[in-house]
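Novice: The following block contains the structure, expressed as structure tokens.
Laboratory data are not the source of any read-out in this text; all were calculated from the coordinates shown. Since the model is a prediction, treat every value here as computed from it, not as a measurement. So basically every Cβ, Gly included, is an ideal-geometry build from the backbone, and we count neighbours across all protein chains shown.
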Amino acid sequence: MMKVTFIQHSSFLIETENEYLLFDYYFGAVLPELNAEKPLYVFASHSHPDHFSAKVFGLAVKMKQVKFILSSDIPEHIIPLECLANTVLISPYEKEKIGALTVETLNSTDLGVAFIVTAEDKLIYHAGDLNCWVWDTSPDFQNKLMRKQYEDEIAQLKGRDLFCSFVPLDPRQDDDFNLGMKLFLAAVASTHTFPMHMWGDYPLLSRFKEKHPELADKIETVTHEGEIFNV
């Protein structure tokens, strides 16, 4: 059993029996109360301010065991000296054993990495900004290249049974808001898939399910900050 809490935007807190995993927390929303005795793993997929803030290092004061797993585009000089020993900078296509976790990465189609984390024999995928960023204002050749890049990345997830996945669904893409999620759900086996990066536009999920009724039961319904899912 995992407890999944939607914090905000692309930030989720996962609690397993033995640890916490916190993804792309950049402050502005309140974290649930944490058991200070339980190890906390803090992930940041890239340096964009809607995914990372240096304030996150303040969690080291509150928790007895904290490890920070940061995309390598985040500059090392902003890491407090007292946190350096417990920080791992990770690049695309790496695999590392970090504490009780195994952490692998894909290359983002924007900046940084996407995470594939093995925790207690379950696979967790957090896309960060790995998405099919197709825009009406971009030339066709660029959009076609983007789609190929995205499909090549998620193809590396085929054959792996993901337990929890966190995937962008972005209203700024207008009619193509659904593309990255649609391609992901069609290509990848994921037991619980959570939409993220919705900029607070929660009705967007209803639009997606109306547009793709065949995929409606493959995606969790996220409606507000602080929402809890027991999966």
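Novice: Which cross-chain or sequence-distant (5 or more) residues have an amide H under 5 Å from the amide H of Phe12, H modelled 1.01 Å from N in plane?
Specialist: Ile7, Phe23
Novice: I would also like to ask the following. Please work out, to two decimal places, the log10 of the ratio I(q)/I(0) at q = 0.17, 0.24 Å⁻¹ from a Debye calculation in which every Cα of segment 1-108 carries one identical scatterer.
Specialist: Evaluating at q = 0.17, 0.24 Å⁻¹ gives log10 I(q)/I(0) of -0.78, -1.67.
Novice: Also: Dipole magnitude of segment 174-227 about its Cα centre, charges +1 at Lys/Arg Cβ and -1 at Asp/Glu Cβ only, in debye to the nearest 20?
Specialist: 180 debye
Novice: Separate question: Anyone know which of Ala216, Ala119, Ala186 comes out most mobile in the 10 Å Cα GNM of the chain?
Specialist: So, out of Ala216, Ala119, Ala186, the one fluctuating most is Ala186.
Novice: Suppose every Lys and Arg Cβ carries +1 and every Asp and Glu Cβ carries -1, with no other charges. What dipole size does segment 3-230 come out with about its Cα centre, to the nearest 20 debye?
Specialist: Roughly 260 debye, rounded to the nearest 20.
Novice: I would also like to ask the following. Extent of segment 12-57 along each principal axis, from alpha carbon coordinates, in Å, largest to smallest?
Specialist: Largest first, segment 12-57 extends 31, 18, 16 Å along its Cα principal axes.
Novice: Right, another one. Say we join alpha carbon atoms closer than 10 Å with springs in a Gaussian network model of the chain; which of Leu162, Leu215, Leu22 then has the biggest fluctuation?
Specialist: Residue with maximal mean-square fluctuation among Leu162, Leu215, Leu22: Leu215.
Novice: Show me the ranking of peptides 188-195, 55-62 by mean Cβ neighbours inside 10 Å, starting with the highest.
Specialist: So the peptides 188-195, 55-62, ranked by packing, come out 188-195, 55-62.
Novice: Still on this structure, I have one more. Over the Cα atoms of the chain, what Rg and Dmax result, in angstrom?
Specialist: Considering the chain through its Cα atoms, Rg and Dmax are 16.9, 52 Å.
Novice: Here's something else I'd like to know. Find the relative contact order for segment 3-230 and round it to a whole percent, using C-alpha pairs within less than 8 Å whose residues are 6+ positions apart.
Specialist: 16 percent
Novice: Identify all lysines with a Cα-Cα distance to Lys64 below 28 Å; exclude those on the same chain that are fewer than 8 residues away in sequence.
Specialist: Lys3, Lys38, Lys55, Lys95, Lys97, Lys122
Novice: Let me ask you something else. Residue by residue through segment 49-64, what is 3J(HN,Hα) from phi via Karplus (6.51 cos²θ - 1.76 cosθ + 1.60, θ = phi - 60°)? Round to whole Hz and write x for glycine and proline.
Specialist: With the stated coefficients, segment 49-64 comes to x, 8, 10, 8, 9, 5, 4, 4, 5, x, 5, 5, 6, 8, 10, 6 Hz.
Novice: Once each part is reduced to its C-alpha centroid, what is the distance from segment 100-120 to segment 1-56 in angstrom?
Specialist: 15 Å
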